[in-house]
Structures are given as structure tokens and as C-alpha cells.
Amino acid sequence: MPEAEFHADYEFLRSQQRLTYDEILRVADVAVGLGVSKLRLTGGEPLLDKNLAQLVTGLAALGGVDDLALTTNGMLLAPMAQRLADAGLHRVTVSLDSLDEQVFSRMSGGRGNLQTVLAGIDAAEQAGLTPIKINVVVQRGVNDHTIIELLDHFRGSGHIVRLIEFMDVGNRNGWRMDQVVPSRHLLDEVTLRWPLRRIDKNYPGEVARRYQYVDGQGEIGFISSVTEPFCGDCSRARLSADGVLYTCLFATHGTDLRESLRNNADEEELTDILSRIWLQRADRYSELRSPELAEAHMQRKVEMYRIGG
Ligand SMILES: C[S@@+](CC[C@H](N)C(=O)[O-])C[C@H]1O[C@@H](n2cnc3c(N)ncnc32)[C@H](O)[C@@H]1O
């Protein structure tokens, strides 16, 4: 969220505009009834919500959720990890783009603290929020020279580093194709240092291509959303804090569920709305990505801080 625009006086969503936990649980319950078995809390920064454990308790109580995860920048993780685990969270993914202090500081807008994030990862491990995934968005000329050091740090830790291609999400990150480091280049670089072996997907639609270090020091993943898009396999829907359901990370619009929720839509009606949205979805932005499409979507894509990656 660019500081110039989202300054201290910026008017963020009022609580009345945000879904209540009860409303989120109603949508999640219906989604689970339709076959969803994996839920992720993301953001924005989900740990800014001090009561989040309460929501986790509700989500964990829905029958049929095999995987309940959270993605965080890790800054507030250490003091909350145990509470979240006790509430029923299964695991966390922590975003950490570099272990170089200067690069980290630049990529976190000068506000993050590397040691605090590392302490958060340790606390999550102690709380059993495992397997922990470390999300690294690789940008050419920004952090690509620090990737081997980062992999070296986490090798043998049991944490799974995932190298993600920098994407043109939202309208504000000034994305250019030449900033993307293709996964196959990274794979070549990593393999020169440590031989890797390809391993199977955990489940259909998994976004990361998985590899193991041949010397047994763990797993790493590559997410090639730009050079090898996986729209055809996409099984994700995203619900924003203000109740809009999106079926694509690059969507220009979604469906407002808040109004239905507040007009007392019952389970049957919500099931009907969700299944209709799902059956009608036709988004495949990443597969169709082109300068013309980017132009057509210019300034209209939903921002990443609203739908969480
Ligand atoms: C938007 S964040 C939200 C959750 C939380 N605040 C965090 O930092 O992890 C979710 C994930 O999206 C990733 N991400 C953000 N911008 C991206 C981009 N342009 N391309 C690829 N991944 C991106 C982040 O690194 C993070 O792992």
C-alpha cells in the first residue's frame, strides 16, 4: 500500500463495511459444504487483527477443513503463534524476500525488521504451525542476488522456501516483464549449487513445482505464475474483508456477498450464489497475458492487499 496514498489520515474501511467473523464463517461454511477443504487467511496483514484467533477457532470447527493456513509478513507472528495454534490453525506461510538487511528493508518499505520475522518463524515452529513455507518473491536487480544465501539459511530447517515469479497484480507495483526472473533460470542457478530432484504435487492444482535437495536437506518450490501460468488448474476463490468474492488474482471485478449476507440470505441461497459464481468463472488472465490485455485491465485490477495473493 503506497505510503503517499495510504497515509496516517487515510480513511480505511470502517468496521461496519467489513464482514463480521460470523459473516465470514457463514460463507466459509457454505464453501466447505460445496467441497472446499482448504482455507487460508491472508490480507493485507492478517495478524493486525488482534482477535484473529477467535476467527480461527470458528473456521477450525467447520467439519471438512483439511488444511487451515495463514500467510503473514511475520512481524507480529512471535507473540501470536501459540494462540493461533491453540485455536486450531494448522500452519503458516511467511513472506520473506531476502536475508540481506538492506534488501529486506528496501522491500518491506523500511518498516519491517528481519530479526523479528525470523523470531516469528521460530515461534511458529515451536507452536507446531508446520510445515512452514517461506514465500520469496524474486525481482530482478532487487533481491535475485540474495536467493542462494536465503536457500542456504533454510536448508535442513524443515521449512519449505518457495521462489515466486514477480507478478503484475494490482495497478501499483510498476510491474515490467524484465523484472521477472523466470523460474527455469532460478532452477538452473540453484541446481549448479545443490542438485535437485523433482517431486510430485501434493494435490491437483498445487501452484508450486516441488523439488527436493538430493542431499536430503529438504524441499523447495518454484511458482512460475508468469512464465508458466496455471489458470487451467486454479481452484481458488478469494473473499475480501468487505465481502467481495473474486475468482482470479487479476480480476477487475468480483461479486458482493455482503449485501446478501446482511439481507439474511440462508444457507441454500448462499450455496446457490457461490456455485453459480464458480460455474460461470472464465478468468484466465495469466494464460492470456499480453500488452493489450494489460492495457485493457489498466487501473482496474483488484489490488493484492485486498485479496492476499
Ligand atoms: C499480498 S501478501 C498478504 C499476506 C501478508 N501481508 C504477507 O505479507 O504475507 C501474500 C503473498 O503475496 C506475495 N506477493 C505480493 N506481491 C506479489 C507480486 N507482485 N508477485 C508475486 N507475489 C506477490 C507476497 O510476497 C506474499 O507472500
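Values computed for the structure shown
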read-out	value
For the stretch 195-207, 3J(HN,Hα) per residue [Karplus equation, 6.51 cos²θ - 1.76 cosθ + 1.60, θ = phi - 60°, Hz, x = Gly/Pro]	x, 10, 10, 5, 10, 5, 5, 6, 7, x, x, 5, 7
Net length gained if the chain between I199 and L118 were fully extended (0.36 nm per residue, minus Cα distance)	26.4 nm
Kirkwood Rh, angstrom, the stretch 239-309 [1 / mean 1/r, Cα pairs]	13.4 Å
Rounded accessible area per residue of the chain, 1.4 Å, Å²	51 Å²
Amide H contacts of R40 (H built 1.01 Å from N, under 5 Å, at least 5 apart or other chain)	A69
Within-11-Å neighbourhood charge of A265 [Cβ basis; K, R +1; D, E -1]	-4
For the stretch 128-143, Karplus couplings with θ = phi - 60° (6.51, -1.76, 1.60), whole Hz, Gly/Pro x	x, 7, 10, x, 8, 10, 10, 8, 10, 8, 9, 10, 4, x, 10, 10
Choice from L186, L77, L41 with maximal GNM fluctuation in the chain (Cα, 10 Å cutoff)	L186
Folded to 0 to 90 degrees: helix 114-126 orientation relative to the chain principal axis, Cα	70 degrees
The stretch 201-220 versus the stretch 224-275: alpha-carbon centroid distance in Å	28 Å
Cβ-based net charge around V244, under 11 Å, with every Lys or Arg adding one and every Asp or Glu removing one	0
The stretch 239-309: relative contact order as a whole-number percent, Cα under 8 Å and 6+ apart	45 percent
Kirkwood-type radius of the stretch 19-158, with distances r between different C-alpha atoms, in Å	15.9 Å
Length-normalised contact order for the chain - Cα pairs under 8 Å, 6+ apart - percent	16 percent
Packing-based ranking, highest mean first, of 173-181, 7-15, 221-229 given that Cβ atoms within 10 Å are counted	221-229, 173-181, 7-15
Dipole magnitude (debye, nearest 20) for the stretch 239-309, charges at Cβ of Lys, Arg, Asp, Glu	340 debye
Portion, in percent, of the accessible area of the chain that falls on carbon or sulfur, probe 1.4 Å	49 percent
Ellipsoid semi-axes in whole angstrom, largest first, where each is sqrt(5λ) of the Cα gyration tensor of the chain	30, 23, 21
Per-peptide average of other Cβ atoms within 10 Å, ordering 241-253, 264-276 highest first	241-253, 264-276
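The values are calculated or read from the model by the stated rules, or taken from the named source; none is laboratory data. From a predicted model like this one, the values you see are computed outputs, not experimental measurements. So basically every Cβ, Gly included, is an ideal-geometry build from the backbone, and we count neighbours across all protein chains shown. Areas reflect the complete protein model, heavy atoms only, side chains present, ligands, DNA and RNA absent. Shrake-Rupley method; radii C 1.70, N 1.55, O 1.52, S 1.80 Å.
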